[in-house]
Structure formats: C-alpha cells, structure tokens
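What follows is a short report on a single structure.
The values are calculated or read from the model by the stated rules, or taken from the named source; none is laboratory data. Here the structure is a predicted model, which is why all the values come from computation and not from measurement. Note that each Cβ is placed from the backbone with ideal geometry, even for glycine, and that neighbours are counted across all protein chains shown. Quick note on the areas: whole protein, heavy atoms, side chains included, nothing else; ligands and nucleic acids left out. Shrake-Rupley method; radii C 1.70, N 1.55, O 1.52, S 1.80 Å.
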Amino acid sequence: DWERERFTLDQGLSRAVRTAFVGLYEKGLIYRGTYLINWSPGLRTAVSDLEVEYSQEQGSLYYFKYPISGSDEHIPVATTRPETILGDTAVAVHPDDDRYRHLIGQACVVPMLGRAIPVIADTYVDRQFGTGALKITPGHDPADYEIGLRHGLPVISVLNPDASMNENAGPYAGQDRFECRKRLWVDMQAAGLTIKVEPYTLQVPRSQRGGEVIEPMVSTQWFVRMKPLAEPALEAVRSGQIRIVPDRFTKVYYNWLENIRDWCVSRQLWWGHRIPAWYCADCNQMTVAREDPEACSHCGSTRITQDPDVLDTWFSSGLWPFSTLGWPETTIDLKTYYPTSMMETGYDILFFWVARMIMMGLEFTGQPPFRTVYLHGLMRDEHGRKMSKTLGNFIDPLKVMDEFGTDALRFTLLTGSTPGNDITVSLQRVEANRNFANKLWNASRLVLNAIGRAPKRPGSLPEPTLGDRWILARLGGLEREVARLFEAYQFAEAGRQIYEFFWSEFADWYLEIAKLQLEEGPAHAWSTVSTMVHVLDDCLRMLHPFMPFVTEELWQHLRQACREQGGGLGPADGWEQALIVARWPEVEAAAPGAAEDERDFGVIRSLVTAVRNARAENDVPPRKRIPAVVVAGERRRLIESERKTIAALARIDPEGLVVHASLANPPAESVPLVVGEVEVYLPLEGLVDTVAEKGRLSSELANVQAQITRLETLLGGAFADRAPAEVVEKERAKLAELKQAEERIRSQLEGLGA
RNA sequence: GGGCGGUUAGCUCAGUUGGUUAGAGCGUUGCGUUGACAUCGCAAAGGUCGUAGGUUCGAGUCCUAUACCGCCCACCA
C-alpha cells in the first residue's frame, strides 16, 4: 500500500480550483453519488466519458440458455461478455414479442450461481437483434443500468477495482474477468446451457490514456451537473459573442453541448487538485470548504478526513483563462487581460478544454473568456496517423529546430495547412522554409551593406525609377492583401504571400535592379537604399509573427545600420526598440499611378524573361553579351527609359541594344521573340537554328490562334451581353493584344523565310 | 445510426465573396559558380482539379448523387 503522495500545487491555482469547486457545490452544480461510471482497472480510477475511446475489434457473440424456474423452457440470450452473466438481475424481452410474452413475470435462473431473477418487459429490447431477449446487468452496462432503474432492479457488481471477479462471482471469485469468461463458458457448456458462439465485431471501450479495456462499474464519485452550465455556453456562441473558426466546428460544439451528460470529475490518482471535502468519522456528514476545516461543520468533531480523490485535470484547465490571472482576487491582471481576444488550440480538445473554459468562464466571471476560438489541425505522421506519445510516432520538434531552425519549423506549421485541417509534417517543407530564412538573411545582408556605403541624403531627390515605383506598388498591394487575410483568419495564405513577394519580387527582381541604381551616383544611390530599407522594414514587420527570431535579429541590425548611417535613412529615430513591439505596417490605398507602374514593369520583366529563355534555348553562353533589336511600338519610350535595366538583367550588350518604334525589315539571322505588344530580335549569327526557331514560332502561333478562337467564340456568345461590362472589356482587351501578337509572329515567321 | 473533412502536377499541399489556357515547395531536366545567397541563380517539362449529373454567359470554386480514404459523435445485447 502506497502512502498517497501529493505534489504541492501552486497555492494560487489551488485556491482558484477550490473556490470554483465549492462555488459549484453550493449552487448544487456539483454532487457526490453512486452511479455507473467508466472504470480504468489498470489505473484504478474513474475516467470521464470523453476519456473513453471505442475501437472496433473482433470478438464473439455467445448464445446461451436462461432456464425458466420450474419448467423445461428456457430463453435464449446472447452476450459479448459472458462473465457479466454473474451480475445479471433480470432478463428483458419486448412486451409484444409473441415468442416470450408468456414468460414475462416468471423467474429464470442465473447459470452456475442458481440465483433467481425475473423476466421483465421493456420496449428498449430490439426483437430483431440476437435472440430478441436481453440479459440485464445493471452493474456493468450503461443501457442495462438505465433499464434497471426503470424496473427497480438490484445492482450487483461482480468486479473488484482491478477487474478481477469479486465474491459475487461465487466460484469464479479472484479470477481475472477474461479468464472467468473462458472458464464460465466451459462450465456452462458442460451444463448444457450453451447454444453457439459466433464471431462478432464489437465496439470495445478503451482508455484514452493507456489503451486498456474500460469496465463500466458502479462507484461513488463526484459529478458536475452540466446542463445549467451548457446553456449559457451554447448561447454565447449562438449569439455571436464567441466565434469559432473554422465555422464548421460550431455545429460540433452545439451538438456536444446539446446532448451533454454529467461530468465525472473525481479521480483516484496520486496527484492533482485534491477534492475539498472532509468526512466526519463521528456523524458521517461531509464538510465542503474553501479553507481546510479544523472540525466537522455539522457536529464539531475533529475526527475528519479529507476525500482522497483528486479532480480531473480538465477541471482546473477549464479555469485557466482567469485562474492564471489571479482569480478569485480582482487583480489588475484579471481586469486588464480578461476576457482575451483569441483562443488558439487544436480541434481535438474542443470539448475537453475549450467548451469547459467557456462554461467555467461564464459561470464564474459572467463573461465569455475569449471572443474567437481558432482551431488548428492535428499533426500527423507520414502514414496519416495522429502523432501521439503513446504511439511514439511523433517528430521531435527539438531535433527539427536543431537542424532547420525554430523559425523554419514555425513558418512551416503556420503556412502548411488550412484552419482545422490536419497537417502531414514534411521535413522537406521545413527545409525549404529554412532556405527562406536564409534568403531573408542574405537579402538583408545586401541591404545592410548598401546602407553602410550609402551617401548622405542629397539636397534634391531624383524621381523614383520605375523599379522603385513598382516595388512600392507591389508592397502596398501585399500589405492590403495581408491585412485582409488576417481579418479573415487566413494566416497561412498571408504567410505564403509575404514569402512569395519577398523572394520572387523583392530579392529576385528589385534587389538586382537596386544594384544597378546604386552605381548611378549619390542621389540615386541614396534613394535606392531608402527604398530597400522601406521594403525590408515592412517585410520584417509582417514576417515577425511567422519567423520571430530571424526577423528580430535582422531588424535590430537594420535599425542600427540606419542610425549609424546618419543620413536620415528610414525613420530611424521613430523606430521602436524591438520588432516584437513594433507597429504593423500601415495599410494605404494604392497610389494613383500604381496600376500603370505594375503593368509597365510587367512588360520589362517579361521581356527580360523572354530573352533569357531564348538564350537558354539557343545555348548562348551565360556571360556573353549579345545585341538585341527591340520593336516596341507604343512602348518605345518605356523600353528606351529602361534600357539599362533590360540590358543588365538580360545580359544584352548596352551598345547593341537598338529600340525602334517600328521596323520595315526585321534583322536577318536572328531569333525573333514576341512579348505582348513588343517584338525582340536577337541577332545570333551562326547560332540561330532556323528550323528550330520556325518550329517554336509555329507552335507559339498555334497557341495564340487557339486562344483567339476561344475568345472570339466567348465574346460572340451570350457572355458578351450577360457578363458584367468590365469582365467583358477585359476579355476584349486580351483579344486585341492576342491579335497583335498573332500578326507579329506571322511576320517573324516570314522573316525566317517561311 | 448521425455528422464532418479530404480526393488538384511524381510527392506534400495552397487555391474563402464562381470570372475564364490552374499555383507553391520538393523532386525531375538543361545551363550556370569572384563580388547578398549553391541553404543559390537562370530556364524547362509536368495536372483540366475522384466520378456522374445539374445551376450559370462562365464552376477546382455552388447544388444533387456516387466511389474511395480519414475523423467525430452515438447505450443495440
């Protein structure tokens, strides 16, 4: 026998738990009583309904005879747990069942024990199932327990706390229940009482904790009356005071609370919050008190002992939103931080924790503990199984963080799934995000270097370049989008978009352009650095919730570098001490020319890409500068003003870059390209594979023509008059552009001698 | 028995007010390495969105049915 040893829990929390317990007790919402509960034989404790999981297992259905006293007749009965026969106190049949109606009210005999029990009638019995007769074991089956109550049947328990048979099992006392099952059946066979055994799939109740088979047992425990607590909790969500994200869990929440049953909160464990009830050895009365009593509150006797049971761990967890803030005292923390805005947790503890926090919060503070419940999915292993300590199939986050970094893991978990959907952990994904953290680091390093070499702020600032205007327009768009996504609780999508912007636009394009601009003299250099700082600063602020460590580190460097530069780069003096307390970037409406800048830059970008593409296809050495003839039409001014950028990014010889508005005779021996309204010719004497180019252009032409046909059909049909004008207009513009492209490709094909 | 989720590129997943040849990462293929980054760069190939209907000018996105996988709730012995 163990001395029960208890940990001294934090005094404050203990006090909150006691206050809550006694409060509920005094309102009649906690009671102690003897009922059928779920018993965990290995742990030798009661557990709540929620802690029982049902697993489908192969078992047997045992058919046997219940002999009628003083007659040759018997009632056939089936059971999956023969050992419970020893605790039967009735056999039930349906009142309208012609097979057995004449036996109702008679007595039958419990096999091997010889106890006489009645045959009763109850409409619960399903005439179609099994033999149509049901043995009633109120001591070990929930349904039978209910029937027993209806009929005033005695309750016989045949199990000890360790699930061995007790003295009520007669000759089987002391045997384990599974051993007894076999032996009893053998004995019944010998006595001619068995009929048959069929294989049968049954739902076996198992302990969530250890996996052992749970036995329904009659026991004296403490219960919380749930209906009065559930009502306000339902109302809080129905009325919109609390919102559950994603929405579909609202229904699950309703369903559970609407059908809630009383909660068995006492546990026969060695640690936990001990139940504040004392029993008097003299008057047998119970004293429930917030403070340890000196004496029985009924008779004054000092011979009192505290209930050895402790509370279900979720009882104190339910108080967490306010017990952690000092409740029941009216602390400043409580007044300041309660209720909070959002509760973020996994959907698997919606009932265990979230619902109970809501119920307890409303009960004890009169307010819902939070406004929004955001439920994330569960981590699953590569086989799709839930990660659990019991299975041992979890990925150790510490190891992952060691290898790839905490930020990489955090970013992966944040962006890897949709709210409420499970996530299969992919280490490759963590690795990819580690690379992103590295990209952040390196891009920032480039910016920091530029700051270090930046000149003083010039007297007059140059006009921002297209590149500058473009990245700022894109940044603004991103910030609006991220704000919208945050409002909608779409954190994952927000994170992905920032990632995309930072890597594919800021690092891949703007920083490349910035390198060129830094060489354009002090004024341009300063303004470029200023733009880099602005974009990087905003990105770090937005990424901070996703990757707190690397962004904080970089931001501190950024802030420091701007201060040291001393030329008024960034609002250095207005910056906060740390990123974690820094303001979120302000969301602004798009600047007047933003859309045009984005479109213009789009032309430059696709032109550069097209040239790179052609170079790769024609095996032009990467470092080789080549000439290019651009026929730009109305885009001539744009191309002219961006020629340096184009030349550098596409590795075109700046001297050899010729821009025309139009050209009667395209250069011979060159690779022709069509980029929207712009044509490009790359004179690659000796390198051009005319046949291959023809093939490429032909397939491009076919593609464009297919699109034209599609759009013409579309615009010729009902779409034109039934779709919104602006949607139609967009398609019209696209068609016009395609037609221009078609002509260009045609003439290029002719130029190749087709 | 009731309810819910998933089914989109070889793999893991995005795609939330339906807007018109579907996106990412990884993997694959080709080229590339002195100046932020090979934990990288530049390019490329690759899906018609489980299936069958329907609504609509228009559907991966809405509706109905259905298949498969998974989950939750439920006292049929």
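Descriptive notes on the structure:
- Test: residue in region A:535-550 that is aliphatic (A, V, I, L, M) and farther than 26 Å from A:V430 by Cβ: yes
- Residues (near RNA strand B (Cβ under 10 Å from one of its atoms) and open to solvent by 50 Å² or more (accessible area, probe 1.4 Å)) located in region A:129-175: A:F129, A:P142, A:E146
- Region A:298-318, residues that are surrounded by fewer than 14 Cβ atoms within 10 Å (Cβ to Cβ) and assigned to a strand (DSSP E or B): A:T305
- Being among the hydroxyl-bearing types (S, T, Y), buried (at least 20 other Cβ atoms within 10 Å of the Cβ) and touching a residue at least 24 places away in the same chain (Cβ under 8 Å) is a property that A:Y62 has.
- Cβ separations smaller than 7 Å between residues 6+ apart or across chains give the following pairs from region A:595-611 residues that are open to solvent by 30 Å² or more (accessible area, probe 1.4 Å) to residues that are part of a helix (DSSP H, G or I): A:E598/A:W470; A:E598/A:A473; A:E598/A:R474; A:R605/A:W509.
- Taken together, A:A628, A:A647 contain a single residue that is closer than 21 Å to A:D508 by Cα, modelled with pLDDT of 90 or more and open to solvent by less than 20 Å² (accessible area, probe 1.4 Å), which is A:A647.
- Scan of region A:362-384 for residues that are in a loop (DSSP other than H, G, I, E, B), within 11 Å of RNA strand B (Cβ to nearest atom) and either within 15 Å of the chain's Cα centre (by Cα) or among the small types (G, A, S) (or both), ordered by number: A:G377, A:L378, A:D381, A:G384
- Any hit, region A:681-688, residues being within 10 Å of RNA strand B (Cβ to nearest atom) and in contact with a strand residue (DSSP E or B) (Cβ under 6 Å, 6 or more places away or on another chain): no
- Screening A:L413 against (1) more than 30 Å from A:K251 (Cβ to Cβ); (2) part of a helix (DSSP H, G or I) leaves a single unmet condition, (1).
- Any hit, region A:205-218, residues being in a strand (DSSP E or B) and near RNA strand B (Cβ under 10 Å from one of its atoms): yes
Conditions (1) touching a residue at least 12 places away in the same chain (Cβ under 8 Å); (2) open to solvent by 70 Å² or more (accessible area, probe 1.4 Å), marked per residue:
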{"residue": "A:R177", "(1), (2)": "yes, no"}
{"residue": "A:I195", "(1), (2)": "yes, yes"}
{"residue": "A:E231", "(1), (2)": "no, yes"}
{"residue": "A:S239", "(1), (2)": "no, no"}
{"residue": "A:N255", "(1), (2)": "no, yes"}
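- Check on A:L103, more than 19 Å from A:T194 (Cα to Cα), over 55 Å from the mean Cα position of the chain (by Cα) and surrounded by 15 or more Cβ atoms within 10 Å (Cβ to Cβ): yes
- So A:G272, is it surrounded by 14 or more Cβ atoms within 10 Å (Cβ to Cβ) and either of a type in the set (G, A, S) or more than 18 Å from A:V224 (Cα to Cα) (or both): yes
- Residue match in region A:431-454 (condition: within 14 Å of A:S530 (Cα to Cα), in contact with a Pro (Cβ under 6 Å, 6 or more places away or on another chain), more than 12 Å from RNA strand B (Cβ to nearest atom) and not in a helix (DSSP H, G or I)): no
- When region A:453-475 is limited to residues that are open to solvent by 40 Å² or more (accessible area, probe 1.4 Å) and small (G, A, S), the one that is farthest from A:E642 (Cα to Cα) turns out to be A:G459.
- Hey, A:D126 more than 13 Å from RNA strand B (Cβ to nearest atom) and either under 29 Å from A:L43 (Cα atoms) or part of a loop (DSSP other than H, G, I, E, B) (or both) or not: no
- Selected residue (criterion: farthest from RNA strand B (Cβ to nearest atom)) from residues of region A:421-430 that are out of contact with any Gly (no Cβ under 6 Å at 6 or more places or on another chain) and either outside any helix (DSSP H, G or I) or of a type in the set (F, W, Y) (or both): A:V425
- Residue list for region A:515-524, restricted to those being closer than 17 Å to A:P458 by Cβ and either touching a strand residue (DSSP E or B) at 6+ places or on another chain (Cβ under 8 Å) or open to solvent by less than 70 Å² (accessible area, probe 1.4 Å) (or both): A:Q517, A:L518, A:G521, A:A523, A:H524
- Filter result for the condition that a residue is of a type outside the set (D, E), assigned to a strand (DSSP E or B) and surrounded by 15 or more Cβ atoms within 10 Å (Cβ to Cβ), over A:V658, A:V620: A:V658
- Of all residues in region A:448-464, exactly one satisfies the criterion of being without any contact (Cβ under 8 Å) to a residue 60 or more places away in the chain and either under 16 Å from A:G602 (Cβ atoms) or within 41 Å of the chain's Cα centre (by Cα) (or both), namely A:N449.
- Selection count, region A:28-67, where residues are under 37 Å from the mean Cα position of the chain (by Cα), more than 14 Å from RNA strand B (Cβ to nearest atom) and in a loop (DSSP other than H, G, I, E, B): 5
- When region A:241-253 is filtered for residues that are free of Cβ contacts under 8 Å to residues at least 12 places away in the same chain and either part of a helix (DSSP H, G or I) or open to solvent by less than 70 Å² (accessible area, probe 1.4 Å) (or both), only A:K251 remains.
- Failed criterion for A:V535 (all others in (1) more than 11 Å from A:G467 (Cα to Cα); (2) within 32 Å of the chain's Cα centre (by Cα); (3) near RNA strand B (Cβ under 10 Å from one of its atoms) hold): (3)
- The residues of region A:699-727 that are open to solvent by less than 50 Å² (accessible area, probe 1.4 Å), farther than 15 Å from A:Q740 by Cβ and more than 9 Å from RNA strand B (Cβ to nearest atom) amount to a single one, A:L715.
- Near pairs, Cβ below 6 angstrom, 6+ apart or cross-chain, from region A:465-492 (over 30 Å from A:I244 (Cβ atoms) and in contact (Cβ under 8 Å) with a residue 60 or more places away in the chain) to any residue that is among the acidic types (D, E) and within 11 Å of RNA strand B (Cβ to nearest atom): A:R474/A:E505
- Looking only at residues of region A:661-680 that are closer than 19 Å to A:E742 by Cβ, more than 13 Å from RNA strand B (Cβ to nearest atom) and outside any strand (DSSP E or B), we find that the one that is modelled with the lowest pLDDT is A:P666.
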